[in-house]
Amino acid sequence: MGGAAVESATLAAVRERVEAGQRLGRAEGRWLLTEAPLLEIGALAQRVRFRRLPEPVVTFVVDSNPNYTNVCVTDCQFCAFYRKPGHPEAYTLSVEEVLARVEAAAARGATTVLLQGGHNPELPLDYYLTLVRETRRRFPQVTPHFFTASEIRTMAEVSGLSVGEVLDRLWEAGQRTLPGGGAEILSARVRRRISPKKGGPEAWLEVHREAHRRGFRSTATMMYGHVETPEDVLDHLDAIRELQDLYGGFTAFVPWSFKPAHTRLEKWIKQPSGPNAYLRILAVARLYLDNVPHVQASWFSEGKRTGQIALHFGADDWGGTLFEENVHRAADFVNRITVEEIVALIREAGFTPAQRTTTYEILRVF
Amino acid sequence: MLDTRKAASLESGRPLRRVGADADRDDLGGTALRFSDARLERIWAKVQAGERLDRDDGLLLFETPDLLGVGRMADWVKSRREGDRVYFVINRHITPTNVCVLSCAFCGFARRKGEPGAYEHTIEEMVAMVRDGVREVHIVGGHHPDWPFEYYERMIQAIHAAHPQVQIKAFTAAEIDYFWRRWRIEPREALTRLKAAGLQSMPGGGAEIFSPRLARLLRYTGKADADRWCEIHGIAHALGIPTNATMLYGHVETLAERVDHLLRLRAQQDASGGFLTFIPLAYQVGATRLVERPAPPTDSLRTIAVSRLLLDNFPHVEAYWVTLGEDTASVALHFGADDVNGTLEDERIQHLSGADTPAGLAREQLLRMIRDAGKVPVERDALYNVVRVYD
């Protein structure tokens, strides 16, 4: 029974640290990820969530996720969306075509457009800057939440500027927030395996660090359920927590499970990770990332039911309406929702729905 | 008299294994569980002391915002009883007919005789539905206006003769009651003859919600009421036929009606002792639309947990994946459920009512559903004898 005694002591120790508002260490994180009873850590995560946000309010954003190109030279093993340059299904939208997508989203009430695309070496920096500038000018109610870290690196490569200089140009054009995609797992070992051309963890971290230094806000994502180990997940959480200590620029942590259909990894990984692993990741994130304001439940990637349950495991945000989405769709994963349904789903789960902006200011309480 | 409370653990000779998180739970004991709703503490004290919960406790468990507090208590109870085990069965559902004289407001399955979509299976067809490897056949159908009792008797005889190794679980108390209403065959006689024909156990359907108010509102007054439903299960138990029990929730019932339903089942189990499993059934909105939206997964998890806590004399509580969805069923294994039902090669009733889960879940998917929750899959037969432990 010695083992059992050690485990109880760990739960007691974790609980004590959480109650005292003390930061959890790596050993505690490992125990939470691998051994802790799921509902115990869910309840602890809820305690932290309500300490941070005492009101039982769950936020959501009205948004859309269009894409400007699927052309990509990075060949990530987990991606079913991209096409190599010259592929018959490859496409790149003109500036006006992209702005038409933004307009369509705005017409449906979107306040955020999350625009991302492949790494297309043919596109000049000015293409990206024009998208930001024109979105700001024509649709002032829409926040351009554009371009993940690896796209910003692509802009730096095609323009010969540094990452910091590209961010300065985007800032001048009117951009203030960045989406957190492309983090995958911030572990050198994992990234070598699943996205070798995307660079190590620093490739993603540098962009967010430089962005936060300039006053941008961004989200941090994590795509799990492929080749990572608990140690890799801890590397990821440590990296985000350390960066957040510097500038506090992350608004939210957004994990989702890898969807294998039509990807190269599908050969080894046939099934997406299930709901229990997802709830555990959320709860651990809420406990471990003591300096990140929000944890998002991803109804889109995990399903609406798991999304509702997730609101009892530390998540305080429902994510967005995602009027348009093409990346998961490429992996045969399609999910749709309306504002009315979001409001109903959040209420059913026992919370008060509230629409927010990209940066989590409340616009309307339902 | 049959007492499955004892039988379930003795039959298989399973020790109450306590490993890993379960051992941890035992050592947690005492004050270790903390609740965001302090009112749960007195219930937790009763649960730990093995004291029976009362009606007020049941209402509080349904009303508290502390969903995980309720779940953790139920998980503790489930782990004490079963450790990490979660059961499933390789089974086949057969629905002899959808022709039904009733018109229950919640049912999207029933058809009138001659109505488009109405069907009647022959005995030969039903015998042919049972494939090799199936361990349990579950037979439930409409209340047919013309089929004589002997047809049902021959159905069981024929399936039993063709597949003697397959356990037959057939006919809800509502159907047994209907044999009396239609053909004046007393339940004791019906069950005795069906048992002689090869019936081994009875499913728990037809209970709906034990409430005269709802029976009138939802037009199921023509069906066995609470007294009659319980009487028939008591007779079955006395004849050595174990049975299940259900509750149809997530429509227009009140939480108090749910609690009263559970307490009525608990009283019946005290009296006759033959219930194996309690299965909460989430109402499928489908075309009947008694409510706009189905019960949310949080309500289903809570209902499973409260059932585990109130039904202290039921051996098992099931997370029925067909109505819950695979993901919620998997999470429910942390909320007091120790069974996910089975492979269900055919599930017409729920599907015609609009359940969105793919029919015929393969064994691999069931194993994944159980393992995703970190539990140990145990293949069982209809009577909860262990067939295989997937360690």
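The values are calculated or read from the model by the stated rules, or taken from the named source; none is laboratory data. Keep in mind the model is a prediction, meaning the values are calculated, not measured. When we count neighbours, we look across all protein chains shown, and the Cβ atoms used for this are built from the backbone with ideal geometry, even at glycine.
For residues that are within 22 Å of A:Phe253 (Cβ to Cβ) and among the charged types (D, E, K, R), scanning just segment A:335-366, find the one that is nearest to the other protein chains (Cβ to nearest Cβ).
A:Arg356
Look at A:Ala277 and say whether it is assigned to a loop (DSSP other than H, G, I, E, B) and assigned by TED's automatic domain parsing to the domain that holds A:Tyr82. Working first, answer last.
Numbers: assigned to a loop (DSSP other than H, G, I, E, B): no; assigned by TED's automatic domain parsing to the domain that holds A:Tyr82: yes.
So A:Ala277 fails the test.
Would you call A:Leu282 more than 14 Å from chain B (Cβ to nearest Cβ) and either outside any loop (DSSP other than H, G, I, E, B) or at pLDDT 90 or above (or both)? Before the answer, list the steps.
Numbers: more than 14 Å from chain B (Cβ to nearest Cβ): no; either outside any loop (DSSP other than H, G, I, E, B) or at pLDDT 90 or above (or both): yes.
Judged against the criteria, A:Leu282 is not a match.
Name the residues in segment B:321-332 that are more than 8 Å from chain A (Cβ to nearest Cβ) and surrounded by 24 or more Cβ atoms within 10 Å (Cβ to Cβ), would you?
Here is the first cut: in segment B:321-332, the ones more than 8 Å from chain A (Cβ to nearest Cβ) are B:321-324, B:326, B:329, B:332.
Matches in segment B:321-332: B:Trp321, B:Val322, B:Thr323, B:Leu324, B:Ala329, B:Ala332.
Here is a check on your reading of the model: is B:Gln200 within 25 Å of B:Glu318 (Cα to Cα) and part of a loop (DSSP other than H, G, I, E, B)?
No; evaluated as a whole, the condition is false for this residue.
Can you give me the number of residues within segment B:36-78 that are away from chain A (no Cβ under 13 Å), small (Gly, Ala, Ser) and buried (at least 17 other Cβ atoms within 10 Å of the Cβ)?
1
Can you name the residue in segment A:311-334 that is at the interface with chain B (Cβ under 10 Å from one of its Cβ atoms) and in contact with a Leu (Cβ under 7 Å, 6 or more places away or on another chain) and is also surrounded by the most Cβ atoms within 10 Å (Cβ to Cβ) among such residues? Steps first, answer last, please.
Here is the first cut: in segment A:311-334, the ones at the interface with chain B (Cβ under 10 Å from one of its Cβ atoms) are A:311-313.
Those left that are additionally in contact with a Leu (Cβ under 7 Å, 6 or more places away or on another chain): A:312-313.
On the way: A:His312: 28, A:Phe313: 30.
This residue is A:Phe313.
Residue under question is B:Glu208, and the condition is that it be in contact (Cβ under 8 Å) with a residue 24 or more places away in the chain, part of a helix (DSSP H, G or I) and acidic (Asp, Glu); does it hold? Step through it out loud before you land on a result.
Values: in contact (Cβ under 8 Å) with a residue 24 or more places away in the chain: yes; part of a helix (DSSP H, G or I): no; acidic (Asp, Glu): yes.
Taking the combined requirement at face value, the residue does not satisfy it.
Counting only residues that are among the polar types (S, T, N, Q), give me the helices (runs of 4 or more DSSP H) lying completely in segment A:295-366 with at least 2 of them. Write out each step before concluding.
Numbers: elements: A:299-302, A:304-310, A:339-348.
Result: A:304-310.
May I ask you to say which residue of A:Arg51, A:Arg26 is within 21 Å of B:Val70 (Cα to Cα) and either touching a Leu at 6+ places or on another chain (Cβ under 6 Å) or loosely packed, with under 14 Cβ neighbours inside 10 Å (or both)? Talk me through it step by step, then tell me what you get.
Values: A:Arg26 fails: within 21 Å of B:Val70 (Cα to Cα).
Just a single option satisfies the conditions, and that option is A:Arg51.
Can you tell me which residue among A:Asp232, A:Asp290 is in contact with a helix residue (DSSP H, G or I) (Cβ under 9 Å, 6 or more places away or on another chain), assigned to a loop (DSSP other than H, G, I, E, B) and more than 14 Å from chain B (Cβ to nearest Cβ)?
Values: A:Asp232 fails: assigned to a loop (DSSP other than H, G, I, E, B).
Answer to the check: A:Asp290.
Could you tell me which residue of segment B:132-144 is modelled with the lowest pLDDT, considering only residues that are surrounded by fewer than 21 Cβ atoms within 10 Å (Cβ to Cβ) and within 17 Å of B:Phe88 (Cβ to Cβ)?
Only one residue tops the list, namely B:Gly133.
Is it fair to say A:Gly303 is on the phi > 0 side of the Ramachandran plot, in contact with a Gly (Cβ under 9 Å, 6 or more places away or on another chain) and crowded, with 24+ Cβ neighbours inside 10 Å?
Values: on the phi > 0 side of the Ramachandran plot: yes; in contact with a Gly (Cβ under 9 Å, 6 or more places away or on another chain): yes; crowded, with 24+ Cβ neighbours inside 10 Å: no.
Considered against the rule, which asks whether it is on the phi > 0 side of the Ramachandran plot, in contact with a Gly (Cβ under 9 Å, 6 or more places away or on another chain) and crowded, with 24+ Cβ neighbours inside 10 Å, A:Gly303 comes out as no.
Return the only residue of B:Gly108, B:Gly133 being touching a helix residue (DSSP H, G or I) at 6+ places or on another chain (Cβ under 7 Å), in a loop (DSSP other than H, G, I, E, B) and either more than 18 Å from B:Lys195 (Cα to Cα) or charged (D, E, K, R) (or both).
Details: B:Gly133 fails: touching a helix residue (DSSP H, G or I) at 6+ places or on another chain (Cβ under 7 Å).
Step by step, each of B:Gly108, B:Gly133 is checked, and only B:Gly108 is touching a helix residue (DSSP H, G or I) at 6+ places or on another chain (Cβ under 7 Å), in a loop (DSSP other than H, G, I, E, B) and either more than 18 Å from B:Lys195 (Cα to Cα) or charged (D, E, K, R) (or both).
For segment A:73-112, name all the residues that are basic (Lys, Arg) and more than 20 Å from A:Leu178 (Cα to Cα). Please lay out each step first, then the result.
Narrowing segment A:73-112 to residues basic (Lys, Arg): A:83-84, A:101, A:108.
Matches in segment A:73-112: A:Arg83, A:Lys84, A:Arg108.
Checking A:Asn276 against (1) closer than 22 Å to B:Ser330 by Cβ; (2) within 14 Å of another protein chain (Cβ to nearest Cβ); (3) surrounded by fewer than 20 Cβ atoms within 10 Å (Cβ to Cβ); (4) not hydrophobic (A, V, I, L, M, F, W, C), which test does it fail?
Against the list (1) closer than 22 Å to B:Ser330 by Cβ; (2) within 14 Å of another protein chain (Cβ to nearest Cβ); (3) surrounded by fewer than 20 Cβ atoms within 10 Å (Cβ to Cβ); (4) not hydrophobic (A, V, I, L, M, F, W, C), A:Asn276 comes up short only on (3).
Output the number of residues of segment A:235-273 satisfying the condition of being within 14 Å of another protein chain (Cβ to nearest Cβ) and of a type in the set (Gly, Ala, Ser).
Here the count works out to 2.
Kindly indicate which of A:Ser94, A:Ser64 is over 30 Å from B:Arg34 (Cα atoms) and either outside the structural domain of A:Gly225 (by TED's automatic domain parsing) or touching a residue at least 60 places away in the same chain (Cβ under 8 Å) (or both).
Numbers: A:Ser94 fails: either outside the structural domain of A:Gly225 (by TED's automatic domain parsing) or touching a residue at least 60 places away in the same chain (Cβ under 8 Å) (or both).
Just a single option satisfies the conditions, and that option is A:Ser64.
With respect to the numbered conditions (1) out of contact with any His (no Cβ under 7 Å at 6 or more places or on another chain); (2) assigned to a helix (DSSP H, G or I); (3) in contact (Cβ under 8 Å) with a residue 60 or more places away in the chain, which one is the sole condition not fulfilled by B:Asp75?
(1)
Yes or no: A:Thr306 within 14 Å of chain B (Cβ to nearest Cβ), without any contact (Cβ under 8 Å) to a residue 60 or more places away in the chain and either hydroxyl-bearing (Ser, Thr, Tyr) or touching a Cys at 6+ places or on another chain (Cβ under 6 Å) (or both)?
Numbers: within 14 Å of chain B (Cβ to nearest Cβ): yes; without any contact (Cβ under 8 Å) to a residue 60 or more places away in the chain: yes; either hydroxyl-bearing (Ser, Thr, Tyr) or touching a Cys at 6+ places or on another chain (Cβ under 6 Å) (or both): yes.
Against the criterion (within 14 Å of chain B (Cβ to nearest Cβ), without any contact (Cβ under 8 Å) to a residue 60 or more places away in the chain and either hydroxyl-bearing (Ser, Thr, Tyr) or touching a Cys at 6+ places or on another chain (Cβ under 6 Å) (or both)), A:Thr306 qualifies.
Pick out the one residue from B:Leu265, B:Leu276 that is in contact (Cβ under 8 Å) with a residue 40 or more places away in the chain and in a helix (DSSP H, G or I). Give the steps one after another, and end with the answer.
Values: B:Leu276 fails: in a helix (DSSP H, G or I).
Answer to the selection: B:Leu265.
Could you run through segment A:321-340 and say how many residues are touching a residue at least 60 places away in the same chain (Cβ under 8 Å) and touching a helix residue (DSSP H, G or I) at 6+ places or on another chain (Cβ under 8 Å)?
7
Just checking, which of A:Thr143, A:Thr92, A:Thr177, A:Thr111 is crowded, with 23+ Cβ neighbours inside 10 Å, among the polar types (S, T, N, Q) and touching a strand residue (DSSP E or B) at 6+ places or on another chain (Cβ under 9 Å)?
Working: A:Thr92 fails: crowded, with 23+ Cβ neighbours inside 10 Å; A:Thr177 fails: crowded, with 23+ Cβ neighbours inside 10 Å; A:Thr111 fails: crowded, with 23+ Cβ neighbours inside 10 Å.
Of the residues listed, the single one that is crowded, with 23+ Cβ neighbours inside 10 Å, among the polar types (S, T, N, Q) and touching a strand residue (DSSP E or B) at 6+ places or on another chain (Cβ under 9 Å) is A:Thr143.
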